[in-house]
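Asker: The structure is given below, and queries will be raised subsequently.
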Amino acid sequence: MTGLARFVALCGVVAAVLVVVPRAHAQIGVDIYQRAPIADAAVRGDIARLRGLLLNGQSPNGVDLEGRPAILLAAWGNHVEVVEALVEAKVRVDQRDRIGSTAMIAAAERGFTRVVELLIEGKGNVNLENRQGVTPLIAASQRGHAAIIELLVKAGAKLDQQDLGGRTALEWATLNNRRQAVDILRRAGAKS
């Protein structure tokens, strides 16, 4: 009796299906989350697969089932090579997910400086806000990511733009005791 037959005899057919189906998906490379192939490669940081998909004509603008664009998934995971390849493929850098977030907001929030640089080079809008009014500058200032704040300021980020709560990047940096961020924002001309 094989291992699978023994398992079915002990647990029943339903349990065997629950175990075997996910394993089968993993073995043949099916994305059980139903992401577009380009989005699946982006979230995994699989640069070889991503380049192959792009060479075969796949759009760089694919999304996952939750509406998250490949560029945002790559930025969220700090997959620098993937972000670079997508930018080179003319991805819509400012694509939004269902809550209005962009790759630049995600990268600024998480402190991924090189990703923010690539998105700026790809003509990403440094002033786009999500549904809470959070811009990349506000996200970086909340967490004190000084290098990113400097990049965004240099790229033309609006210093006194407010989120839905009425707070600016400088107010967030002050509230969260991010002294270096406060200094950078004040030197750039932000008002409290």
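The values are calculated or read from the model by the stated rules, or taken from the named source; none is laboratory data. Owing to the predicted nature of the structure, the values given are computational and were not obtained by experimental measurement. Every residue, glycine among them, receives a Cβ derived from its backbone with ideal geometry; neighbour counts consider all protein chains shown.
Asker: Criterion first (farther than 24 Å from residue 157 by Cα, free of Cβ contacts under 8 Å to residues at least 60 places away in the same chain and part of a loop (DSSP other than H, G, I, E, B)) does residue 101 satisfy it? Can you show your working first?
Answerer: Values: farther than 24 Å from residue 157 by Cα: no; free of Cβ contacts under 8 Å to residues at least 60 places away in the same chain: yes; part of a loop (DSSP other than H, G, I, E, B): yes.
Taking the combined requirement at face value, the residue does not satisfy it.
Asker: For residue 79, only one of the following conditions fails: (1) in the same structural domain as residue 40 (by TED's automatic domain parsing); (2) surrounded by fewer than 17 Cβ atoms within 10 Å (Cβ to Cβ); (3) of a type outside the set (Phe, Trp, Tyr). What is its number?
Answerer: Among (1) in the same structural domain as residue 40 (by TED's automatic domain parsing); (2) surrounded by fewer than 17 Cβ atoms within 10 Å (Cβ to Cβ); (3) of a type outside the set (Phe, Trp, Tyr), the lone unmet condition for residue 79 is (2).
Asker: Which of the following residues is hydrophobic (A, V, I, L, M, F, W, C), outside the structural domain of residue 163 (by TED's automatic domain parsing) and not in a helix (DSSP H, G or I): 119, 72, 65, 86?
Answerer: When all the criteria are applied, what remains is 65.
Asker: Can you confirm whether residue 106 is part of a helix (DSSP H, G or I) and touching a Phe, Trp or Tyr at 6+ places or on another chain (Cβ under 9 Å)? Give the steps one after another, and end with the answer.
Answerer: Values: part of a helix (DSSP H, G or I): yes; touching a Phe, Trp or Tyr at 6+ places or on another chain (Cβ under 9 Å): yes.
Considered against the rule, which asks whether it is part of a helix (DSSP H, G or I) and touching a Phe, Trp or Tyr at 6+ places or on another chain (Cβ under 9 Å), residue 106 comes out as yes.
Asker: Sticking with this one: Can you pull out the residues in segment 36-61 that are buried (at least 23 other Cβ atoms within 10 Å of the Cβ) and among the small types (Gly, Ala, Ser)?
Answerer: Scanning segment 36-61 gives 39, 41, 42.
A quick yes/no check of all residues on (1) surrounded by fewer than 22 Cβ atoms within 10 Å (Cβ to Cβ); (2) of a type outside the set (Val, Ile, Thr):
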site: 111; (1), (2): yes, yes
site: 114; (1), (2): yes, yes
site: 119; (1), (2): no, yes
site: 123; (1), (2): yes, yes
site: 127; (1), (2): yes, yes
site: 131; (1), (2): yes, yes
site: 134; (1), (2): no, no
site: 144; (1), (2): yes, yes
site: 150; (1), (2): yes, yes
